[in-house]
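Take a look at the structure below.
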Amino acid sequence: MITVTEAARLIGENILALPVTEVPLAEAYGAVLREPIYADRDFPPFHRVTMDGIAIRYASFQGGEDTFGIEGVQLAGDLPQTLKLPDGCLEVMTGAILPLNADTVIRYEDLKLFERNGTRYAHIFAAPKGPMQNVHQQGSDRKATDLLIPAGTLLSPAEIAVIATVGKTTVLVSQPPRIAIISTGDELVEVTEMPLPHQIRQSNSYMLQAALQEQGVKGQRFHLRDDKAALFIELKDLLSRFDVLILSGGVSKGKADFVPEVLAELGVQKLFHEVAQRPGKPFWFGRVPDGPVVFALPGNPVSTFVCFYKYVRPWVRASLGAAAPILPKAVLQQEVFFKPALTYFLPVKIGVATSGMLSAKPVTTGGSGDFAGLLHADGFLEIPQHQTTFSAGEVYPFISFRS
Ligand code: AMP
Ligand code: MG
């Protein structure tokens, strides 16, 4: 039996090298960028007015002028006008280019507008702080050709906005792996079926499919019987069609747990079987040399859950080329005892401690089969091996399963 750290290391050594694909920008959210994005123009591309008001020459105000004759209006989207007189001004709107000869914008809130002899005037009663007030200066955020987003970035709405503004309608991203999600077990029936008293509806593959969807990756669901010959035929076919197999169930010591031996017969090289953790100890992991990667997770729903979020999710992200996420830590809120020499994934509800750190309150569940217990949890606190008492106030890594 290997440690959690060793299991994560072996999985990390089997990251897939995924090809690059081009997708429309509108479909790129959640994908991992595989090309650098550069600024095609300055950010902002012109001196942009940031307040509705008037544009003046600062020198005129400094020279003692506080009332300016309005020469016209400069709207957002208009070509730049030219300010003519030293004591003149142009009304300007947010988003407009700064008029030529003007260098300062005074917002309407600091003005009194009036009319005299058919001419409109603006009187300034709150002095501007200096030239370029209320002007977002050209190139002050980024310069043309600057690197804006490096390859490997997970595309969130902020990145999508920047990619749109540099005029790209398509982007290069990682092509998601082809993933088969395979539940096993003769006691399991489809969601649409009415289970007999000794049967249950299968839920793991729906959970795994949704969890993959969160990573922007699709998985195709299959269900296999606890039948050695059938497993051999079906898994052989799936290994030829998919980059990744995520199985659940059939990896423990039961009489009908055929998955490890069938995988071995099919040439999937075992990298480990059994990890010193609870839940999820029977976890099996292997790979066809230079071929598909196989995660065979224990079938108890909470075990499947823990193994997905601890091992499969980081592996998927790394395979897509995303930078490793920062694992947050949370402060344990009450004392926990755990005797076995195993890493313990404790279901917790997350809050905010007075220190501002995340706080983790243990959620009582009925063990690895109680997936309804997860409804009250936000994730797992990873509690280290070789310690039996974990005191309130201690800080441990937190693995969230809620976004
Ligand atoms: P196994 O790992 O096959 O020994 O299964 C352990 C427990 O998890 C058994 O009680 C199974 O009925 C249950 N189980 C296995 N697969 C699923 C699934 N896809 N959905 C719900 N429960 C499952
Ligand atoms: Mg089973």
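Per residue, the convex hull spanned by the alpha carbons of the chain comes to 202 Å³. What pairs in 255/349; 255/329; 228/281; 236/349; 84/112 have C-alpha atoms more than 30 Å from each other? Long pairs (Cα-Cα over 30 Å): 255/349; 255/329; 236/349. Taken as Cα centroids, region 337-363 and region 128-200 sit 29 Å apart, rounded to the nearest whole angstrom.
Here region 60-99 and region 266-318 have alpha carbon centers that stand 66 Å from each other.
Note: region 218-370, Cα convex hull, 141 Å³ per residue. Near residue 121, within a Cβ-to-Cβ distance under 13 Å, what is the net charge of the other residues, with Lys and Arg +1 and Asp and Glu -1? After counting each charged neighbour, the total is -3. Here the accessible area is traced with a 1.4 Å probe on the protein chains. For region 329-400, carbon and sulfur cover 58 percent of it.
With contacts defined as alpha carbon pairs under 8 Å and 6 or more residues apart, what's the relative contact order of region 1-117 in percent? Relative contact order for region 1-117 comes out at 27 percent. With the highest mean first, a sort of the peptides 260-266, 323-329 on other beta-carbon atoms found within 10 angstrom per residue produces 260-266, 323-329. Packing order of peptides 302-308, 394-400, 291-297, 146-152, highest average first: 302-308, 291-297, 394-400, 146-152 (average count of other Cβ atoms within 10 Å over each peptide's residues). Between residue 375 and residue 272, the simple spin-label model (points 7 angstrom out along Cα→Cβ) gives 3.4 nm.
Placing a label point 7 Å from the Cα of residue 388 along the Cα-to-Cβ direction, the residues of region 325-348 whose backbone N falls under 14 Å of that point are 336-342. As a calculated quantity, the FRET efficiency between residue 6 and residue 326 at R0 = 22 Å, using C-beta atoms, amounts to about 0.50. Just need the relative contact order of the chain here, percent rounded to a whole number, with Cα pairs under 8 Å and 6+ apart. Dividing the mean separation by the residue count of the chain yields 16 percent.
At a probe radius of 1.4 angstrom, the accessible area of the chain per residue rounds to 49 square angstrom. If the segment from residue 196 to residue 26 were pulled out straight at 0.36 nm per residue, it would be longer than the present Cα-Cα gap by 56.6 nm. Taking every DSSP bridge with both residues inside the chain, close to 65 percent are antiparallel. Short-range pairs are left out: with C-alpha atoms under 8 Å and at least six residues apart, the relative contact order of region 48-136 is 38 percent. Heavy-atom surface analysis with a 1.4 Å probe gives region 48-136 a carbon and sulfur content of 53 percent of its accessible area. If the segment from residue 265 to residue 169 were pulled out straight at 0.36 nm per residue, it would be longer than the present Cα-Cα gap by 29.8 nm.
Candidates 195, 336, 356 compared by Cα position along the dipole of the chain: farthest toward the positive end lies 336, with charges placed on Cβ. Computed from the C-beta positions of residue 255 and residue 146, the FRET efficiency with R₀ = 60 Å rounds to 0.40. Peptide packing for 90-103, 40-53, 227-240 was compared via the average number of neighbouring C-beta atoms within 10 Å per residue; ordered from the highest value, the list is 90-103, 40-53, 227-240. Over all other residues within a Cβ to Cβ distance under 15 Å of residue 231, the charged ones net out to -4, with Lys and Arg as +1 and Asp and Glu as -1. Helix 228-241 axis versus longest C-alpha principal axis of the chain: approximately 30°, rounded to the nearest ten. Modelled spin-label separation between residue 120 and residue 241, with each label point placed 7 Å from Cα along the Cα-to-Cβ direction: 7.0 nm.
The values are calculated or read from the model by the stated rules, or taken from the named source; none is laboratory data. Predicted, not measured: the structure shown is a model, and the values here were computed from it. FYI the Cβ positions are ideal-geometry reconstructions off the backbone, even for glycines, and counts take in every protein chain you see. Heads up: the accessible areas ignore ligands, DNA and RNA and are worked out on the full protein's heavy atoms, side chains in. Shrake-Rupley method; radii C 1.70, N 1.55, O 1.52, S 1.80 Å.
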